[in-house]
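Quick notes on the structure that follows.
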Amino acid sequence: MCSDKRNSRLFKNKSVSKKYYIIDFDSTFTQVEALDELARISLQEHPEREQIYKKIEDLTNLAMEGKLSFRESLAGRVQLLEANKDHLKQLVKHLKKQVSTSFSRNKHFFKQHADDVLIVSGGFKEFITPVVLPFHIKKENIYANTFVFNKEGKIVGYDENNPLSNEGGKVKLLKELQLPGEIHGIGDGYSDFQLKESGMIKKFYAFTENIERKSVTEKADHITPSLDEFLYLNNLPAAISYPKNRIQCWVVGDVPDAAVKYLKKEGFTVKHTAKLEDKQLKEAGIILLGHKETIAPEKLAKATRLKVIGYLGNSKKYISQETCTDMGIVIFDNIKKAESVAKRIADFINTGDAFKSSNFPNIQLPKVKNGHRFVHIHRNVPGMMAKVNQVLADHSTNIVSQFLMTNERIGYVITDISAEYDKKVWQDLKQIKDTISFRVLY
């Protein structure tokens, strides 16, 4: 009897510490609203297709903003579809290419937490299941509506007994599931917020990578511009060590839209300014400068977070190469190709690749799989590699690969290590004498 009571207490304690992650599908897991996309596929030969597309999009947005009941929205959209099973096959093929960028790069999280992740959507299993299964999500953890077909395979309705077909369906479903633990919800729409409003989940994260609805974000516990941000906040396994949306990129001067769009697509927070103020310099992780724009050395000294400068022209006349090098700031410039500069900035942040830098040793790197990468920038003094490797040896850290380049001022070492390591190693590497900067890439 005592043993049974003890086991019961252990189970209860485990239940309390267990966490579940409820994730929406449309405009969250994928970049698009699937029913809207299905309409575009099924109605492409319809003479009034543009008017019908608009009606369906309006119904979607009204429901997502909480201005129309989900039941009314769903019924209206399905009625307008004119879709069949062949159209669904085309839709699935399309949706697999439209998975949100930050979800695509974080398959490892889904694999490690396959028991904890639930897809809960007002969409339909017929297109959701084949899209999410490759992400190690269990079939039994997919909750969505189902279509009703006629003998010819045409969609004629949906299962109206499914709680997810009704207003407040996600709340009703979670009440039925009675998940024994702490629940976190990620989504872009009003139906996702309703989970928080009902008290069914601990925190609601408004996902804004694809669309930002003010009626949702103003009520969220946290706004997460990418899945990386959510994983970072909750100390969960992520493809990158620091969310790119937290890296401020300031654009100054005449910079083509193509370069700005590229950096935004990469996930950086991009802002424009006519002149860099001290506060902006302190915030900046990236600065992209138009031709003939300049930053004085004494101003650069205030940019303590700055990792990289992109320059559209020849930077040597306008930016102190020596100051940047001594501070561990990489410079990429190009007279004609603005997008090329943006790409090099992103490659450096993502992989540590300093190829074609104007002031750093040039390193072009492959990406390591199943491991972690860090960058250690230091003054070019004797014995630094020995010190770096001694710290790794002291923490029994396995080195997978290592790259070192130097110039007369600095050494630039990139080390790939196996996934198992003591996190105190990072602090010890930062403490090595003559270290300029240290950064974990992923």
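Observations, loosely collected:
- Residues in region 221-241 that are in contact with a helix residue (DSSP H, G or I) (Cβ under 7 Å, 6 or more places away or on another chain) and not charged (D, E, K, R): H222, I223, T224, P225, S226, L227, L231, L236, P237, A238, A239, I240.
- Of the residues making up region 268-275, at least one is farther than 27 Å from T208 by Cβ, out of contact with any Lys or Arg (no Cβ under 9 Å at 6 or more places or on another chain) and either at pLDDT 95 or above or not aliphatic (A, V, I, L, M) (or both).
- Residue within region 93-114 that is modelled with pLDDT of 95 or more, under 21 Å from A75 (Cβ atoms) and more than 22 Å from the chain's Cα centre (by Cα) present: no
- Which listed residue, of A354, A342, is part of a loop (DSSP other than H, G, I, E, B), more than 30 Å from Q112 (Cα to Cα), touching a residue at least 40 places away in the same chain (Cβ under 8 Å) and out of contact with any His (no Cβ under 8 Å at 6 or more places or on another chain): A354
- Region 43-78, residues that are of a type in the set (A, V, I, L, M, F, W, C), over 18 Å from R213 (Cβ atoms), at pLDDT 85 or above and in a helix (DSSP H, G or I): I52
- Filtered by the rule that a residue be over 19 Å from L227 (Cα atoms) and of a type in the set (A, V, I, L, M, F, W, C), region 196-206 gives a lone residue, M200.
- Any hit, region 80-89, residues being acidic (D, E), in contact (Cβ under 8 Å) with a residue 40 or more places away in the chain, in a loop (DSSP other than H, G, I, E, B) and closer than 20 Å to Y158 by Cα: yes
Conditions (1) out of contact with any strand residue (DSSP E or B) (no Cβ under 8 Å at 6 or more places or on another chain); (2) part of a strand (DSSP E or B); (3) in contact (Cβ under 8 Å) with a residue 12 or more places away in the chain, marked per residue:
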| residue | (1), (2), (3) |
| --- | --- |
| V92 | yes, no, yes |
| K97 | yes, no, no |
| S102 | yes, no, yes |
| K111 | yes, no, yes |
| A114 | yes, no, yes |
| I119 | no, yes, yes |
| G122 | no, yes, yes |
| E126 | no, no, yes |
| T129 | no, no, yes |
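The values are calculated or read from the model by the stated rules, or taken from the named source; none is laboratory data. Since this is a predicted model, take the numbers as computed values, not measurements. Positions of Cβ are backbone-derived with ideal geometry, glycine not excepted, and every protein chain shown enters the neighbour counts.
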